[in-house]
Amino acid sequence: MSGPSNYQPGSAFEKWLDTRLPIIRLGYDSIVDFPTPKNLNYWYTFGGILTFCLAVQIVTGIVLAMHYVASAQPFIEGSNISQAFASVQRIQRDVSYGWLIQSLHTVGASMFFIAVYIHMFRGLYYGSYKAPREILWAIGVVIFLLMMATAFMGYVLPWGQMSFHGAAVITNLIGAFPVVGDALRTWIWGDFAVSNATLNRFFSLHYLMPFVIAAMVGMHIWALHVPGNNNPTGVEVKSKADTVPFHPFYTVKDAFALALFMILFAAFVFFMPDALGHPDNYIPANALSTPTHIVPEWYFLPFYAILRAIPDKLGGVIAMFGSIMVLFALPWLDTSRVKSMRYRPLARQFFLLFVVACLTLGYVGAQPAEGLFLIIAQIATAYYFLFFLAILPILGIVERPGNAPASISEAVLKPGAARPAHAAAE
Amino acid sequence: MAEANTAPGMMTPLGHGAGTNEHDASRRDFIFIAAGAAGAIGAAAVVWPLIDQMNPAGDARALATIEFDLAKLELGQEVRFTWQGKPVFARRRTPEEITKSEQTALSALKDKLSRNQGLPASADASDANRVPVGPDGKPKPEFIVLVGTCTHLGCVPVFGQGDFGGWFCPCHGSHYDTAGRIRIGPAPANLEVPKLAFVTDSVVRIG
Ligand code: HEM
Ligand code: FES
């Protein structure tokens, strides 16, 4: 997409098409001949893996929607089991291969988040958010927000106890906003509590959002192909010698990584489809009693921990949203001119601590918010924000970076030569 | 605006002069702004129904009230039912609970407002302001009727746990007393008391 095109239409048909709709040229320039830094490692395969995950969710989701019934009404007169709950049970038991498709979709949501978190930490470590890739990064954060909204609404659909009360807790966050909070919450519910109306609109939006995500992924890749990939050295491509064509070098590398990822995916789907979920969601929703221990899906736990770490209701909500909004500002918060943390001895250590803080938040998010857990959550939350708002801005000024290689080729051909002396641990 | 130029039937020759252009420009500006304004109003008129359709529909709003017979409650018993999709707790309190609740000083409360939809917003959270008022105009402290939605993030508290003999919200640990007032925990406000009206001596209409 960037630079001159090397596409040579072969057949007469390709020539004819190329002067009318150069779609083959677009594909050729984007995924065959695209010049790619020759030193991309396996952390760079997660973009392809994420595209695969989105495709899996869309295909399995469309199939599920053929059998799913979005209704909170009792499935038999007087029953406390809703049609929605019953239809998911029916998918798992009676629909041909329904167990497989349902399991692929549920496990797929978790796999999607595993991949996106790795993808994001990768970007953080190699400084991929820095100029000229700020927009690319911001689109990524938008995709992450859309994914969270999609997964949240999807989790409500089976209308189990966690679905229902999780939806209640999260929509009640909106009520924390002064003045408009109450009206906004009722507007989102479509009733005076989480209800049938809520379930129906969540289904409608859950169906829609993945296609919005797909469109954003298109923009993400467009914004990637203008400056081209960053790479583990953070040194921009200087000459053709620094690159290899995307195909076959990275198509094969991506495919290999994807195969490994699919093994993990399949292990969950076939041997422990419910391991990542919560057993309470197999209890039909009951508006009159909340599960004693209410927790979101694992991929929301760090944010849930931040929410609960702040003793004030509105403050907690602001901190939770702020923890994602700060990512938009990151390209301008990090003042260092060196991109990759490979050559930033101090930043690397603070980064490792940041990863630990995120994992810690995930852990305490699943624990009751009291006593020691609460204190740990507060410390980790403080570090999360300090990392972005204080450490990265200050480090860029005070840190003495190591010597980055002059070019990608130099880094590849003489590994170690350009490393800072104290980077032996990497 | 030059009078002559607007005279009907008077065609200006092409490239006639600056006056004509100015005149056209101001006419175009007007048409442009008028068309833009009409478009914006039209768009707003279409967008509003698209937004408002998400508010509670007529049938949901019609379920505004429900009746409950307090005489059915045994001493110390709590009954739960839903009103507008929200859980409601109706409970008959024991004499000890009533005395204890009545003697609680306002200064000991985290939220000092009654949160009673039947009272002005500024009414204080004394026990008398939380219990139903009978047909004779006197408070009925043996009963308490509450919206069972934790004012923190909307979980449903359970009765009989917590440090104040009332409700406890397991989600993030809010303790309410036997009048449904928040005592400790992250919840900012007392459990809401719905608007209550007695239709007979014991049957109360909620909402
Ligand atoms: C970004 C992509 C998506 C994510 C992250 C996602 C996530 C989820 C999650 C977490 C659930 C709850 C699963 C459970 O607890 O059993 C769910 C359910 C569901 N999703 Fe999706 N989904 C995505 C795309 C789609 C698409 C594209 C459709 C339809 C076109 C769809 C249709 C459904 C249906 C019908 C259910 C309810 C049945 C069930 O629970 O298995 N999803 N989704
Ligand atoms: S919802 Fe009750 S304490 Fe949080």
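The values are calculated or read from the model by the stated rules, or taken from the named source; none is laboratory data. Since this is a predicted model, take the numbers as computed values, not measurements. Heads up, the Cβs are rebuilt from the backbone with ideal geometry, glycines too, and the neighbour counts pull from every protein chain shown. In case anyone asks, the SASA skips ligands and DNA or RNA and just uses the protein heavy atoms, side chains included. Shrake-Rupley method; radii C 1.70, N 1.55, O 1.52, S 1.80 Å.
Spin-label pair residue B:203-residue A:19: with each label point 7 Å from Cα along the Cα-Cβ axis, the two points sit 8.6 nm from one another.
Once both axes come from the Cα atoms, what is the angle between helix A:161-174 and the longest principal axis of chain A, in degrees from 0 to 90, rounded to 10? It is inclined by approximately 70 degrees. If you wrap the range A:118-248 in the convex hull of its Cα atoms and look at it from every side, the mean projected area works out to 11.1 nm². For the range A:333-381, list whatever residues lose no less than 10 Å² of accessible surface once every protein chain is in place, relative to that chain by itself, with the probe at 1.4 Å. SASA drop of 10 Å² or more in the range A:333-381: A:369. Accessible area buried by the pairing of B and A, both sides summed with a 1.4 Å probe, works out to roughly 2100 Å².
As a ratio to 2.2 N^0.38 Å, the alpha-carbon radius of gyration for the range A:295-426 is 1.26. Exactly which trypsin sites (Lys or Arg not before Pro) in the range A:5-84 are in a DSSP loop and have at most 13 other Cβ atoms within 10 Å? Passing both the DSSP loop test and the Cβ count: A:20. In this calculation the C-beta distance from residue A:266 to residue A:292 is compared with R0 = 35 Å, giving a FRET efficiency of 0.55. For the range A:177-317, with equal point scatterers placed on the C-alpha atoms only and solvent neglected, what are the log10 I(q)/I(0) values from the Debye formula at q = 0.12, 0.13, 0.21 1/Å, to two decimals? Computed log10 I(q)/I(0) values: -0.94, -1.04, -1.47.
At q = 0.07, 0.09, 0.12 Å⁻¹, what log₁₀ I(q)/I(0) does the protein assembly as shown have when each alpha carbon counts as one equal point scatterer in the Debye sum? Debye intensities relative to I(0), on a log10 scale: -0.62, -0.90, -1.27.
Pairs of alpha-carbon atoms within less than 8 angstrom and 6+ residues apart define the contacts here; what relative contact order does chain B have, in percent?
Values: 330 pairs, mean separation 37.2, N = 207.
Worked out over chain B, it gives 18 percent.
Out of the chymotrypsin sites (Phe, Trp or Tyr not before Pro) in the range B:27-123, which ones are loop residues according to DSSP with at most 13 other C-beta atoms within 10 Å? Write out the running numbers ahead of the final one.
Working: sites: B:30, B:32, B:68, B:81, B:83, B:89; in loops: none.
The qualifying sites: there are none.
Contact residues in the range A:180-216 by the 30 Å² criterion (accessible area, 1.4 Å probe, full protein complex versus chain alone): A:187, A:190, A:191, A:192, A:193, A:201. Evaluating 6.51 cos²θ - 1.76 cosθ + 1.60 at θ = phi - 60° for every residue in the range A:340-350, the Karplus couplings come out as 6, 6, 3, 10, 10, x, 7, 4, 4, 6, 5 Hz, glycine and proline recorded as x.
Averaged across orientations, what area in nm² does the convex hull of the alpha carbons in the range A:34-295 project?
Numbers: hull surface 64.6 nm².
For the range A:34-295, averaging the hull's shadow over all directions gives 16.2 nm².
Looking at this model, which pairs from A:313/B:195; A:130/A:238; A:38/A:339 are more than 22 angstrom apart at the alpha-carbon? Correct reply: A:313/B:195. In nm, to one decimal, how far is the modelled label at residue A:399 from the one at residue A:12, with both set 7 Å along Cα→Cβ? Once both label points are built, they end up 6.1 nm from each other.
Counting Lys and Arg as +1 and Asp and Glu as -1, each charge on the Cβ, what is the dipole of chain A about the Cα centre in debye, to the nearest 20? Walk me through the intermediate numbers first.
Values: 24 positive and 21 negative charges, 224 e Å.
With Lys and Arg at +1 and Asp and Glu at -1, about 1080 debye.
When the inverse distances between all different Cα atoms of the range B:60-206 are averaged and flipped, the Kirkwood radius reads 15.1 angstrom. Measuring with a 1.4 angstrom probe and ignoring ligands and nucleic acids, residue B:33 comes out at about 110 Å² accessible. The calculated FRET efficiency for residue A:43 paired with residue A:359, based on their beta-carbon distance and R0 = 25 Å, is about 0.90. Surface exposure of the protein assembly as shown, expressed per residue as accessible area with a 1.4 Å probe, stands at 49 Å². Split the accessible area of chain A by element, probe 1.4 Å, and carbon with sulfur accounts for 71%. Size check on the range A:52-190: the Cα extents along the three principal axes, sorted descending, read 61, 46, 19 Å.
Within the listed set B:126, B:26, B:101, the Gaussian network model of chain B (springs between alpha-carbon atoms below 10 Å) gives the highest mean-square fluctuation for B:26.
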